[in-house]
Amino acid sequence: MDFAVNILALGIPFSVALLLASLGEMFNQRAGVFNLGCEGIMAMGAFLGMLVPYGAGHGAPVPGTFNVLGLLLAMAVGALLGLLFGLAVVTFRAPQGIAGIGLQMFGVGTAGTLFRHFVGGTQSVPGIDRLPIPVLSDIPFIGPVLFSHNPLVYLTFLLVPAAWYILFRTPWGLRVRASGANPRAADSVGIRVNLVRFQALAVGGALAGLAGAYLSLCQVKMFSDEIIAGRGFIAVALVYFGHWRPLKITGGALLFSFAQALQLAIQGQGIDFPYEFAVMLPYALVIVVLAFSRESLLLGPTALGKPFNREMRT
């Protein structure tokens with residue numbers, strides 16, 4: 001029982017960075033743009049998120065205000081990088097895949113360079129601590145699994161129904177979906193398709209930046225060049241796996257994270273199991289799941305990856 005509780009209690013916070021980045025990428029793709037640069041935005045968010053409390057206290061404990069400022073800075077820069085990506089692929093209609101890889105390299109490289117310039121080496125920050133919910137956290141089994149996490153974990157899972165409501169029950173969500181499904185028809189009824197795509201990219205960038213800051217401020221409380229560890233690309237894959245719907249994307253994020261928690265628990269328990277296979281397991285699981293759900297990919301936005309030009313009628 002303790003083994004199962006540990007896996008579940010670890011898996012839920014592990015899923016937060018993936019879930020935030022995936023929800024942001026969902027808005028991007030629903031608007032017709034896929035952003036392979038999510039990894040780079042997350043890296044910038046991770047560095048800037050920890051830089052504010054580190055710079056304010058130089059490694060010493062600082063008030064929680066600086067942690068919040070770090071999160072906000074990460075979101076702001078993430079939104080700006082999303083808009084920069086939009087300039088390349090929406091305005092200048094550059095190939096989205098190539099531009100995304102360029103953004104990924106730019107973000108990861110810039111974050112690592114700035115880290116070595118301003119920090120120099122591995123430094124921990126106080127970060128954001130767990131905030132167990134009174135009474136609920138004392139419930140056997142359920143309490144440690146659901147109600148003993150840091151505040152950003154609770155906020156992220158509240159964001160899932162909020163994202164569903166925004167996407168399917170608001171005028172802006174309708175414009176986003178129309179821009180990705182049939183931009184020509186959306187334009188004919190007065191929707192400014194390219195503006196909507198810029199807005200979606202800003203939202204997606206902000207959430208990716210927040211995902212990176214969560215890793216450096218809440219999960220590991222430090223920054224390193226390998227802190228993102230492919231999560232940006234996994235987030236893009238989870239959007240396909242989740243059929244561009246928040247609830248299914250949440251299930252995919254949890255599935256990957258529980259697999260990650262399982263491999264850590266196996267190593268921690270000293271179970272006789274190949275270490276390399278345990279590390280590989282979460283990533284292999286994503287590939288297998290995507291392979292078996294390839295037919296559902298036809299359900300995605302029909303204009304995904306296609307630039308929109310009002311002047312062209314074909």
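The values are calculated or read from the model by the stated rules, or taken from the named source; none is laboratory data. Keep in mind that this is a model prediction, so the values were computed, not measured. Cβ: placed from backbone, ideal geometry, glycine included. Neighbour counts: every protein chain shown. For accessibility, only protein heavy atoms count, side chains too; no ligands or nucleic acids. Shrake-Rupley method; radii C 1.70, N 1.55, O 1.52, S 1.80 Å.
Does Phe141 satisfy the criteria of being among the aromatic types (Phe, Trp, Tyr) and modelled with pLDDT under 95?
Numbers: among the aromatic types (Phe, Trp, Tyr): yes; modelled with pLDDT under 95: yes.
Against the criterion (among the aromatic types (Phe, Trp, Tyr) and modelled with pLDDT under 95), Phe141 qualifies.
More than 15 Å from Ala206 (Cβ to Cβ), within 21 Å of the chain's Cα centre (by Cα) and part of a helix (DSSP H, G or I), is that true of Met26?
Values: more than 15 Å from Ala206 (Cβ to Cβ): no; within 21 Å of the chain's Cα centre (by Cα): yes; part of a helix (DSSP H, G or I): yes.
In short, no.
Yes or no: Phe308 modelled with pLDDT of 80 or more and in a loop (DSSP other than H, G, I, E, B)?
Numbers: modelled with pLDDT of 80 or more: yes; in a loop (DSSP other than H, G, I, E, B): yes.
Spelling it out, Phe308 is indeed modelled with pLDDT of 80 or more and in a loop (DSSP other than H, G, I, E, B).
From the list Val68, Val52, Val77, pick out the single residue that is of a type in the set (A, V, I, L, M, F, W, C), within 22 Å of Ile227 (Cα to Cα), open to solvent by 20 Å² or more (accessible area, probe 1.4 Å) and modelled with pLDDT of 95 or more. Spell out the reasoning first.
Working: Val68 fails: modelled with pLDDT of 95 or more; Val52 fails: modelled with pLDDT of 95 or more.
The match here is Val77.
If I filter the range 88-95 for residues that are in contact (Cβ under 8 Å) with a residue 60 or more places away in the chain, of a type in the set (Ser, Thr, Tyr), crowded, with 17+ Cβ neighbours inside 10 Å and farther than 20 Å from Val68 by Cβ, do I get at least one hit?
Of the residues in the range 88-95, the ones in contact (Cβ under 8 Å) with a residue 60 or more places away in the chain are 89-91, 93.
Adding the requirement that they be of a type in the set (Ser, Thr, Tyr) leaves 91.
Still in the list and also crowded, with 17+ Cβ neighbours inside 10 Å: none.
No, that holds for no residue.
If we scan the range 30-38, do we find a residue that is modelled with pLDDT of 95 or more, crowded, with 24+ Cβ neighbours inside 10 Å and in a helix (DSSP H, G or I)?
Looking for residues that are modelled with pLDDT of 95 or more, crowded, with 24+ Cβ neighbours inside 10 Å and in a helix (DSSP H, G or I), one finds at least one in the range 30-38, hence yes.
Across the range 150-186, what is the total count of residues that are surrounded by 22 or more Cβ atoms within 10 Å (Cβ to Cβ) and either in contact with a strand residue (DSSP E or B) (Cβ under 7 Å, 6 or more places away or on another chain) or among the hydroxyl-bearing types (Ser, Thr, Tyr) (or both)?
Final tally of qualifying residues: 2.
Name the single residue, out of those in the range 194-232 being in contact with a strand residue (DSSP E or B) (Cβ under 9 Å, 6 or more places away or on another chain) and not polar (S, T, N, Q), that is nearest to Val108 (Cα to Cα). Working first, answer last.
Narrowing the range 194-232 to residues in contact with a strand residue (DSSP E or B) (Cβ under 9 Å, 6 or more places away or on another chain): 216, 220-222.
Remaining after also requiring not polar (S, T, N, Q): 220-222.
Details: Val220: 18, Lys221: 18, Met222: 16 Å.
Among those that are in contact with a strand residue (DSSP E or B) (Cβ under 9 Å, 6 or more places away or on another chain) and not polar (S, T, N, Q), it is Met222.
Any idea which residue in the range 247-256 is modelled with the lowest pLDDT, counting only those that are surrounded by 23 or more Cβ atoms within 10 Å (Cβ to Cβ) and not aromatic (Phe, Trp, Tyr)? Lay out the reasoning, then the answer.
Residues of the range 247-256 that are surrounded by 23 or more Cβ atoms within 10 Å (Cβ to Cβ), as a first pass: 249-250, 252-253, 256.
Subset that is not aromatic (Phe, Trp, Tyr): 249-250, 252-253.
Numbers: Ile249: 94, Thr250: 96, Gly252: 90, Ala253: 93.
Checking each candidate, the answer is Gly252.
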